[in-house]
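Enquirer: This is the structure, below, for whatever I ask next.
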Amino acid sequence: MDSALFNIFIGTLICILCPVIFRYLLSSALNSQPLHQFYRKAWGNAWPVRSGTLTKDEIGLAPDDEELFGVEIGPGVQGYLCLEHIKLVAKALRLATNVQDILVLRKQYTTILSMLIETSQGKERIVVLTGQPGIGKTTFLLFILLHRLQRRLPTAVQVNAEQFIIFDECGVSVYDAKIQMHQDNTLCRRLSRCWALCDSNQNLASPCLTIQLEASFVIITSAPQPHRWQGLLKQMGGTVSFLRLPNVMDSIGAVIKELQLDTEQTLSLVSKWGPSVRTVLRILQDPTRASRYESDVKDAAQALARADYSQVFFQSQYGLLPTLAGSDLVFVDTDPDSQFNHECSILIPTAFLRNLVVQASMNLSAEKAFDLFCTLGLSSHSLPLSSAGWSHEKATYERLITF
């Protein structure tokens, strides 16, 4: 054979075989032992669960000058259920988000799941679940996965841009996220029966095209950053639902107790930093983090003092939303009477955080301070502050009524 023709033949053969070999190696590497162990443990089986009880006496007291706004504490005695071995799930999925080894089942979870099931039977194919960062959206996705696998319901999962996983009666398989649908008819048949669960994070903005087009129903958990999913919803159709802020007892105190941390600090930490499971756990596990959080919220308050509101919150079609930099100061919540809400509101949930805003407002003109207070829903009648905070706020409002 002519050497030039031979080289062309070899080059063509390499071009044909390389993608096939790459997909085979990727599938072999990712169809790993942890993934198959997880499938055998979860498919058709109840996941290990234990029960617990928490009392209000266990979560301690808030300081006298601290108060919570728009946050539920919970009943005097709170029973709860807790799924175990969650790190095994995270390892099998190669989840980038750090999760605890336990998953406390919030009462809100079953309500949202019922509404997702109802939605999946209608015209909407995509639902984005979003809300305040650090309240456990990724763990809710894991709850849905375990719920479905126990009932032998076909489910796909995507947590990064490189791959997705399918669990069904045929077993568990890993696919290249860039695979073309015409390359694998079996994949299309399997995926068309699946709910697809996608965790939007720094490694994945939105689900791959194959999931978008072929999955029966798609659930995306995401930070409240519409640029991640607005284009997808506009193109494919779908809806957004905001999750409520967590209850102190069943969503924060119970987690702290199960992790054998100091439950008596629960209410004092939530009353200062707000109902963020992530923030409270990080401070309990490493108290030096508190100074870092304090610096961040003071920076956000100073941005408000410069009237640089875009650094802290922004207007969206769903309502005001906090930026990533502002989310430790300004929280996003939704209607307390609804568990599945398409609109949201922002609030500053603690007196400590509100004091920072009041103090920062002293640098604003009376007109801008008034505008800021109205935007954030703050008033002298809704701010139980410390003595110093009251002095600052009183001076601010005296200026406001004189302009």
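Enquirer: Report the calculated FRET efficiency for Ile117 and Gln315 (r = Cβ-Cβ distance, R0 = 25 Å), to the nearest 0.05.
Expert: 0.15
Enquirer: Put +1 on the Cβ of every Lys and Arg and -1 on every Asp and Glu Cβ in the stretch 39-242; which of Ser51, Ser192, Thr110 then has its Cα farthest towards the positive end of the dipole?
Expert: Ser192
Enquirer: Using label points projected 7 Å from each Cα along Cα→Cβ, tell me how many nm separate Asp337 and Asp101, to one decimal.
Expert: Going by the 7 Å Cα→Cβ label model, 4.5 nm.
Enquirer: Taking Lys257 as the anchor, which lysines have their alpha carbon closer than 23 Å to its alpha carbon, excluding any fewer than eight residues away along the same chain?
Expert: The qualifying lysines are Lys56, Lys87, Lys107, Lys137, Lys272.
Enquirer: Okay, next question. Under unit Cβ charges (Lys, Arg +1; Asp, Glu -1), what dipole magnitude, rounded to 20 debye, does the stretch 122-205 have relative to its Cα centre?
Expert: 320 debye
Enquirer: Can you tell me what percent of all Cα-Cα pairs in the stretch 50-149 are more than 19 Å apart?
Expert: Considering the stretch 50-149, 57 percent of its Cα-Cα pairs are separated by more than 19 Å.
Enquirer: Below 8 Å, C-alpha to C-alpha, sequence gap of six or more: please give me the relative contact order for the stretch 39-242 in percent.
Expert: Relative contact order here is 22 percent.
Enquirer: Additional query: Would any residue of the stretch 74-92 have its amide N under 19 Å from a label point 7 Å out along Cα→Cβ of Gln260? List them or say none.
Expert: From the stretch 74-92, the list is 82-88.
Enquirer: Pop a pseudo-label 7 angstrom from the Cα along the beta-carbon direction at both Ser268 and Lys178 and give the gap in nm to one decimal.
Expert: Inter-label distance under the simple model: 5.4 nm.
Enquirer: Something else: At q = 0.11, 0.13, 0.17, 0.22 Å⁻¹, what log₁₀ I(q)/I(0) does a Debye calculation on the Cα points of the stretch 126-244 give, no solvent, two decimals?
Expert: -0.33, -0.47, -0.80, -1.31
Enquirer: I've got another one for you. If you wrap a convex hull around the alpha carbons of the stretch 39-242, what volume per residue comes out, as a whole number of Å³?
Expert: Here the figure is 138 Å³ per residue.
Enquirer: Which of the GluC sites (Glu not before Pro) found in the stretch 46-109 are loop residues per DSSP with 16 or fewer other Cβ atoms within 10 Å of their Cβ?
Expert: Qualifying residues, ordered by number: Glu72, Glu84.
Enquirer: Assign unit charges at the C-beta atoms only (+1 for Lys and Arg, -1 for Asp and Glu), then state the dipole size of the stretch 39-242 relative to its Cα centre in Debye, rounded to the nearest 20.
Expert: 980 debye
Enquirer: Need one number: nm distance between label points at Arg151 and Thr186, each 7 Å from Cα along Cα→Cβ, rounded to one decimal.
Expert: Computed distance between label sites Arg151 and Thr186 equals 2.8 nm.
Enquirer: Expressed in whole Å with the largest first, what are the equivalent ellipsoid semi-axes of the stretch 190-270 derived from the C-alpha gyration tensor as the square root of 5 times each eigenvalue?
Expert: In descending order, the three semi-axes are 35, 15, 11 Å.
Enquirer: Once amide H atoms are built 1.01 Å from N in the peptide plane, which residues 5 or more positions from Asn341, or in another chain, come under 5 Å H to H?
Expert: Amide H neighbours of Asn341: Phe242.
Enquirer: Nearest 20 debye, what's the magnitude of the dipole of the stretch 44-94 about its Cα centre given +1 on Lys and Arg Cβ and -1 on Asp and Glu Cβ?
Expert: Dipole magnitude for the stretch 44-94 comes out near 760 debye.
Values in this text are rule-based calculations from the coordinates and carry no lab data. Treat the numbers as computed from the prediction; the structure is a model and nothing was measured. Neighbour counts run over all protein chains shown; Cβ positions are idealised from the backbone, glycine included.
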